[in-house]
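Nothing in this text is a laboratory measurement; each read-out follows from the coordinates by a stated rule. Bear in mind that the values here come from a model prediction, so they are computed numbers and not experimental data. Counting neighbours? That spans all protein chains shown, and the Cβs are built from the backbone with ideal geometry, glycine included.
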Amino acid sequence: MTDSPARPAVRGDIRKVRWYLNPQNCDALAEARRSLQDNEFAVSTTKSARSRLKLWSEICRGLDLPPFPVTTEALESVGAVLKASGYRSAVSYLDTAVSANSRKGFTLTQVQREALRRIKRSLKRGLGAPRRARPVTPADLYAMSRNCRRPREKMRSDAYTLAAWFLLRGGELCCLRMQDVITNGSSKGCGWVEVTVSSSKVDIQGLGQTRKHGCGCAAEAGALGRHLCPVRAAGDLLQARRAQGAGQSDLLVGDLFGADTGKDGLKEVLRDDLAAAGITLAREYSMHSLRRGGCQILARAGLDRSQIRAFGRWAKDSSCVDIYIEDALLARSNTFAKEGISAEVEIADEAGWQGARRALGKSTEEADIEGSDADDVGQPITEDTVVIVVPPIPQASTMLRRDCGIAVSDDLQNYGARNVRAEAEAELAGSVVSMGYAHWASRPALPPGSGVQFDRSVAL
């Protein structure tokens, strides 16, 4: 189901050591060795490895090949059969066989290692992207919560909500004890909830890891916030289990996912609950949908990768979190082009703003006019200069007259935006300085008494 709980903290017993050395206790020693081997990997990993080794041996025997020691012929034959039979995980079968080969005391030769690389490359070629479980969304959790008609359905809904917020693996949810979940308030939605995962596939020492969430009812989401609040979900689930007579050492979920509580039961019941709530494609969800969905909720909320990795209890070198949050990071991809162009315009405007200052011969404090054509830089402003302000601001003329003491005439008021620069040059036979303009109302463009004559304020 999941990894073994942490062993009790007791001192070593030298008498027990000597007891195992007694030839009469050879059976107990063999059992101790099997236990040691079983704990080399997580329970889920060991279970998968046994299944793969079983099929490896079956194929080898069917082809009159010895399963061990591993040979090049066996690698090629088993790989070919698995690929032709549609096994996407064929590479994992070969890796498991090679690992078992090493444990039995055999070593691949250089020729066999090179053959293994070629075979694995062939198995991966054209494999395509893996089919990943659909992530549970807040809308899915809300739909299941609203669809509850019986107490057990409500309890399962609360368990799903808790698992999503705490990024629980299926096995971790099924193995939580009542004592592992603590709330500091009632189930009415206040305070916080704390969940301790006593052991997991990456916590091989069984140190235990604790995570905390606050109340979500206060979020400006109305009913959605109440239905998805982790504190409320935990409080309701604990209260319901206590009403059933559960003690502190009993499983939090009890038999909600079947008499033989486990990940497979969770997967099937989750799919049924999703389908009952009207969720389409319910068969595409799995026990990891809750963990993956929780990751994406946190990513959309603005948490960065390192925060999500730490909260989700991944190993520091794990790349799984990148895969889980990828969709959330791309959720607003339809705005990327717009944001990119806006950023480029800002950069261009800033460069033009600096040019405009140089054209006017003014400092930053003296001129707050944004934008300038590159070919205008350095041109002197004379009494017949036309200054084209972009874009037009209704308060521009008033601002210049009242606060800057600059005369503003409307001689070119009939000129449109198109080709205004060329028309102005032809009409007035003077140099033209173009400059952007954004903050007339808050900061004066030129100080009073500057003597600069603005003949026209138009839009390009």
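For the pairs Lys212/Lys338; Lys16/Lys316; Lys54/Lys212; Lys154/Lys212; Lys47/Lys120, flag any whose C-alpha to C-alpha distance is greater than 31 Å.
Checking Cα-Cα distances, Lys212/Lys338; Lys16/Lys316; Lys54/Lys212 exceed 31 Å.
For a Förster distance of 51 Å, can you work out the FRET efficiency between the beta-carbons of Arg177 and Glu114, rounded to the nearest 0.05? Present the calculation step by step, with values, prior to reporting the outcome.
Values: r = 50 Å, r/R0 = 0.98.
According to the calculation, E is roughly 0.55.
Using 10 Å bins from zero, what percent of all Cα-Cα pairs in region 24-103 falls into each bin?
17, 44, 26, 11, 2, 0
Assign one of three labels to region 138-331, namely rounded, prolate or oblate, based on the Cα gyration tensor with a ≥ b ≥ c the square roots of its eigenvalues; rounded applies when a/c is under 1.5, prolate when it is not and a/b is larger than b/c, and oblate otherwise.
rounded
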